[in-house]
Structure formats: structure tokens, C-alpha cells
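The values are calculated or read from the model by the stated rules, or taken from the named source; none is laboratory data. Everything numeric in this text was worked out from a predicted model, so none of it was measured. In this analysis, Cβ positions are derived from the backbone assuming ideal geometry, glycine residues included, and neighbour counts consider all displayed protein chains.
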Protein chains: 2
Amino acid sequence: MRTLASFSTSLLSLTKGFIAVLLLATAAHAQSDPMPSWNDTAAKAAIRAFVQRVTTEGGPDFVAEPERIAVFDNDGTLWVEQPMYTQLAFALDRVKELANAHPEWRETQPFKAALEGDLKTLATAGDKGLLELVMASHAGMSTAEFEAIVTKWIESARAPRFDRPYTELVYQPMLELLAYLRANGFKTFIVSGGGVEFMRPWSEKVYGVPPEQVVGSSIKTRFEMQNGHPILFRTPEIDFIDDKDGKPVGINAHIGRRPIAAFGNSDGDLEMLQWTTLAGGPSLGLIVHHTDAEREYAYDKDSPFGRLDKALDAAAINQWTVVDMKKDWKTIFPQK
Amino acid sequence: MRTLASFSTSLLSLTKGFIAVLLLATAAHAQSDPMPSWNDTAAKAAIRAFVQRVTTEGGPDFVAEPERIAVFDNDGTLWVEQPMYTQLAFALDRVKELANAHPEWRETQPFKAALEGDLKTLATAGDKGLLELVMASHAGMSTAEFEAIVTKWIESARAPRFDRPYTELVYQPMLELLAYLRANGFKTFIVSGGGVEFMRPWSEKVYGVPPEQVVGSSIKTRFEMQNGHPILFRTPEIDFIDDKDGKPVGINAHIGRRPIAAFGNSDGDLEMLQWTTLAGGPSLGLIVHHTDAEREYAYDKDSPFGRLDKALDAAAINQWTVVDMKKDWKTIFPQK
């Protein structure tokens, strides 16, 4: 009995020792692994191999640092876009806030649906309806005033399902990817269908992407001197829609170089991925496929927000990397 | 006699020694002076004092590095704009090159004047006429093709008066200023009325300003897949005019932060200077006044290109620094 007990004790201490070694090894691995939230699957390997290739001086695929431009879609690629775009949640809150000054909205669509929280009717309003909401809620003030409104909202609003601020519903693996690319001499840009002035107030803090590296949709502004004070007034006119075939146009207008890496998640990113990867030269195209209903959402070709259909077919043809969120990501969001 | 000769020799060697010391001191000064092509006048002192103030940590006017945005006009501020804008010289050359395919131009203004080199008639064509020339010569090809055309032209064309490439008719003092600001944590942008895609092919090499930090006027582009190859096609439609009250609009659209320093030379820069300097907070506004007919050109309120009238009055009111080229600049162009 004594021998057995002693053997057990030895085994226990051996096991403890083994676990300690294992933990140490894991910690060391985590430290040296710039993307610890990614499982060791093909997606991660493809990213690392690409970065290796374009940063190997003297190698056949070496790309000089100034040319290392990486573009990221925002909604559904860097943060959650379900059950609706965050900017739409913002617009609905704004419409409610402004409703007292607009009694006619109670009887006019899509404002009526917005005020009643009737998402079904809103969904039938289409792009035109959403545009009306955006114009009513995003224009009619100076750029400085709008920035203050966005900042206040983004700091206080919470996503119902997760009960967390929207800026915490960003994907931890993508934050690591952004940082990993920058550590390897890439300049990271956001190229989003969302409003550029809705993202800029928080993009640097949340993503490490400064305002001048955010490309997005915009409404027109008008310069005015008000009592000797210069302002830009936001007018209710579309300036540019940075989506679909607008994305390469926006990239060219703002960046003026062709990216070598593009990250998206929907058909809205198809042309950006084509522009980035089909011109010859080393490139990486990547699509985030939402497959994890439990930890986030699962959707693709039938989703009203972030519909992924054609771009998924194109991924297979063009050898773009497709991230299977459920399998490829260890964690989804940053820890609370 | 001998004594006198000896005295002379001694004096000579003393003088030589003094000159040697003087030369050494000058060399040391040049080495420590980041703007050696500027005379030690008020303009240089104002620039250095401003940089000192915004970079002094803990000081009342300290500005964090990401907010140190400096914007530069191009024509007349960074390079020569007389006897006509360089881009107009490019457009005229292009029109001549394309003339065979357009026999109707021989009888249609402003093309007839362009083909005949009749600058007087061209000047009367106004903005509308110049726009027609630009559309005819800058559209109808892919962005990649246009870049190749610009690159070829800028490498071979020479400015008649100086018989030098246009990219050598940049102002040496301004090159030093750009570098000085960057060395102090500033991000330098070009904000020009000129075409953005006319500047981007050479801005990095000549000014150290990468394409993504060039803001300018633009025509529309359209994304197309041509035999599986993605292109952006340049269409003959104005997208944006980055001049006058368009400059703050362009700055906001591209940069998304308010600059703290702005450099211009004409009424086209007035609103950019207002936007930069009149919002409160530390700022520097500077106007290059062309006063040196001998080494460059002398012009202001009566010039068809780079007219400086209202902005000069505003400079006095708003305490913007006015550079008197003749007095403030030791040299104008880089040495051959």
C-alpha cells in the first residue's frame, strides 16, 4: 500500500511537472505567436506564408514597405454586423431623438417603422429607405457636431444580445491580424461601405487605424465661415458610396496605390478583392465566413446584411483564403 | 621693407586662419540648421518657433504626434506655376499628340489655340476651356495607362526658361521645410487644385510625400473587369475640384483631421488657411509671396495663374507668415 501510495505521489508530481512544462511551452508559444486567437489551421498558415513571402528581402515576391497596403472592410470583417449594421442602430436612435421636432415622421415610412422599432417593415424599405434615414439623421450639422454626436453614442450604446458596447464587438483575431501586418511594415486601411465620419472618431482607438486611413461612404459638406469661425456643414446629399464597384474607386481616390492584401466578408467586397488580387504580383485575398451561430452569427447568401454569395464562389476560383469562423478562430471577441 | 613684408605675410596668414574658422563655423551651422536655404529672417524664425511650441512636451501648445498634420498647396508653393501651370503644359503636349485622331480640333477652340501654342487665346478660354482640354487629354484610358503617360512626360519634358525638368523646379527651401516638419513628427500632405493622378506618380520621389498623402482634383473612374483583368477607367466627368472652398472639403474627406499647419501661395489657398488656423489651438499659416523676378517670378494680384489678392489681405489680419521669396530664400531651386 505504501509503495502504491508513494508511486501515486511520484506520478502526481511528475504529472504536475509535465503540466508546468506544458504551460511554460504554451506561454512561450503564445508570446512568439502574433496571432494567438487563430487556430493552427490553413487560414492562419496562408496569412503567415504570405507575410513571409512579401517581407523576405531578395526573395522573388518581396514588396517594398511603402507598397505594403492592406485594406479591410469593416462591417462583418472587423466587427459585428448582425442583427443590423451598427450604423443603422445609430440612425434609429438618432431618429427617435429627433422625432419631437418631426411630428410628420409618425405617419411617414420609413420613419414610422424606425420609431416603432419595426425591423420587418424597415427591411422592406430597401436602400432608398435606409438612405432617407441616414440623410435625416446624419446631416444638418457641422462635421465637428456630428463627431461629438457619434462619440457620445458609441460610448454609451450597447448591443442587446451581448450587452457590450459595439466597439467591444470587434473580432479579436482580426485585431491581431491588423497588428501583425503593421509589425511587418504594412499600412492598414479601412475601406467600408459605412459612413466615413461614423468610423473615424473611434477607428484609431479601437483598430489602431488613424482617420486618414479610413475610406468610406460620405455625404457632401460645405465650407462656411460662421462669425469668423470656419466650419464644414453636412448637407443631405450623397457624395460617394464606397461599396461594391465603388470600393476600388474609393481605394484609388484615397490611397492611389493598389493594395496587396484585402480582407472582406460579403459581396460588397468582391470588386475590392478582384482589384487587389487579379492584377498580377503577390497578393492575399481573404473572406471571413460567418459560421458560428453560437459565439456570433451564422449567415451568408440569404442575409439582408453582409450577404455573401458571389464573392464566396469567386473565392474558390481565385484561391482567396476563406476563414471559417467556427473552426479557425479560438476566440471571437476581446475579453471583457 | 622686410618688416612690412613680414607683417603682410603675418596678416595674410591671420586672415587665412580667420577665414578658415569662419568656414568651419558656417559648415557647423549648416549642419545643425535644418533649413539652410532660408535666410535668418522673420519667416524662418516663425516656422522654427511654431515647431518648437507644438513639440515641447508638457508645454501649453504641445500637440500629440498623430495630430501634427501639415498641408501644402503644390503649384506656386512647392514648384513653379509660371508662365503656366505645369499640368497645362502637359495637357497641351497631350492635345498635340492626340490631334491626328481629332481633325476637328484644328477648327475648334480651345483646341485650335492649344495646337497653335496661342497662349493669349487660351487665357481667354477661362476655366471652362481649360476643363475641356483636361477632359480631352486626361480621360479615356485606365488609371494605369494614365500613370504611365504622366511618368513618361514628366521624365522628358523641360521647362523652357530654365531648361530643366519640371521636377527640378521645386523650391529647395520648401523641400527643407517638408523634411524638417517630418523630422519633428509631422505627417505632410499635398492639397492641390491640380489633378491628383498627375502628382502621385512622382510626389514620393520629389517631395517625400507618398501617393496616399496627396489630395487633389479628380475626374471620375469606373471599375471594369477586362478579360479577367481589373481596371479603373478614367471617364470625362469632373469628380471633385480641390480648390478654394473645396480645399477644406478635400482635407476633411481625405484626412479627417484638421491640420495644424498650412502652406499656400494664392487665393485658392485662402479657405485652407482659414480652416487650419481659425479654429483655435496652436497653428501656423504661411503664404509664399513670389517677389523674385530675377531668380523665379514676381506676381500676385494680377496673375492669371496663382493670383494672390484676398489671401494676402487675410494674412495681415490673421497673422499668417508671408514669405518674401527674394528676401527670405537664399536659393530657389535645388542645385543642378
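A few remarks follow.
- Residues within the stretch B:244-260 that are closer than 11 Å to B:V191 by Cβ, of a type in the set (V, I, T) and over 17 Å from the mean Cα position of the chain (by Cα), tallied: 2
- Whether a residue is more than 25 Å from B:K247 (Cβ to Cβ) and within 14 Å of chain A (Cβ to nearest Cβ) was assessed, and B:T151 passes this test.
- Selection status of A:I260, farther than 22 Å from A:Q82 by Cα, touching a residue at least 40 places away in the same chain (Cβ under 8 Å) and either among the aromatic types (F, W, Y) or crowded, with 21+ Cβ neighbours inside 10 Å (or both): yes
- Any chance B:F162 is modelled with pLDDT of 95 or more, of a type in the set (A, V, I, L, M, F, W, C) and part of a helix (DSSP H, G or I): no
- Among the conditions (1) facing chain A (nearest Cβ under 7 Å); (2) more than 30 Å from A:E147 (Cβ to Cβ), the only one that B:P248 does not satisfy is (2).
- Failed item, numbered, when A:G126 is tested on (1) closer than 24 Å to A:M272 by Cβ; (2) in contact (Cβ under 8 Å) with a residue 40 or more places away in the chain; (3) of a type outside the set (D, E, K, R): (2)
- Subset tally (residues that are charged (D, E, K, R), assigned to a helix (DSSP H, G or I) and within 21 Å of A:R257 (Cβ to Cβ)) for the stretch A:41-69: 3
- Of all residues in the stretch A:258-281 being of a type outside the set (V, I, T) and within 18 Å of A:R182 (Cβ to Cβ), the one that is farthest from the other protein chains (Cβ to nearest Cβ): A:F263
- Some residue of the stretch B:172-185 being under 25 Å from A:R68 (Cα atoms) and within 11 Å of chain A (Cβ to nearest Cβ): no
- Matching residues, the stretch A:217-236, being free of Cβ contacts under 8 Å to residues at least 40 places away in the same chain and either within 8 Å of another protein chain (Cβ to nearest Cβ) or in a strand (DSSP E or B) (or both): A:S217, A:S218, A:K220, A:R222, A:F223, A:E224, A:M225, A:Q226, A:G228, A:H229, A:P230
- For the stretch B:146-173, filtered to residues that are in contact (Cβ under 8 Å) with a residue 60 or more places away in the chain and among the small types (G, A, S), the residue that is farthest from B:A45 (Cα to Cα) is B:A157.
- Within the option set B:D309, B:D269, being in contact with an Asp or Glu (Cβ under 7 Å, 6 or more places away or on another chain), charged (D, E, K, R), closer than 22 Å to B:S217 by Cβ and surrounded by fewer than 22 Cβ atoms within 10 Å (Cβ to Cβ) holds for one residue only, B:D309.
- Annotation note: of A:T221, A:T143, the sole residue that is among the hydroxyl-bearing types (S, T, Y) and surrounded by fewer than 21 Cβ atoms within 10 Å (Cβ to Cβ) is A:T143.
- Every condition in (1) in a helix (DSSP H, G or I); (2) buried (at least 21 other Cβ atoms within 10 Å of the Cβ) holds for B:T77 except the one numbered (1).
- Filtered residues of the stretch B:263-281 (kept if touching a residue at least 60 places away in the same chain (Cβ under 8 Å) and of a type in the set (D, E)): B:D269
- Screening the stretch A:282-294 for residues that are farther than 23 Å from B:N227 by Cβ, free of Cβ contacts under 8 Å to residues at least 60 places away in the same chain and not acidic (D, E) and picking the one that is farthest from the other protein chains (Cβ to nearest Cβ) gives A:A293.
- Matching residues in the stretch A:198-216 - criterion: being part of a helix (DSSP H, G or I), within 21 Å of B:P248 (Cα to Cα) and at the interface with another protein chain (Cβ under 10 Å from one of its Cβ atoms): A:M199, A:R200, A:P201, A:P211, A:E212, A:Q213
- Extreme residue, farthest from A:N74 (Cα to Cα), among residues of the stretch A:261-281 that are of a type in the set (A, V, I, L, M, F, W, C) and over 13 Å from the mean Cα position of the chain (by Cα): A:A279
- Criterion violated by A:D73 - all others in (1) among the charged types (D, E, K, R); (2) at pLDDT 95 or above; (3) over 21 Å from the mean Cα position of the chain (by Cα) satisfied: (3)
- The sole residue among A:T56, A:T86, A:T41 that is at pLDDT 95 or above, within 22 Å of A:V150 (Cα to Cα) and hydroxyl-bearing (S, T, Y) is A:T86.
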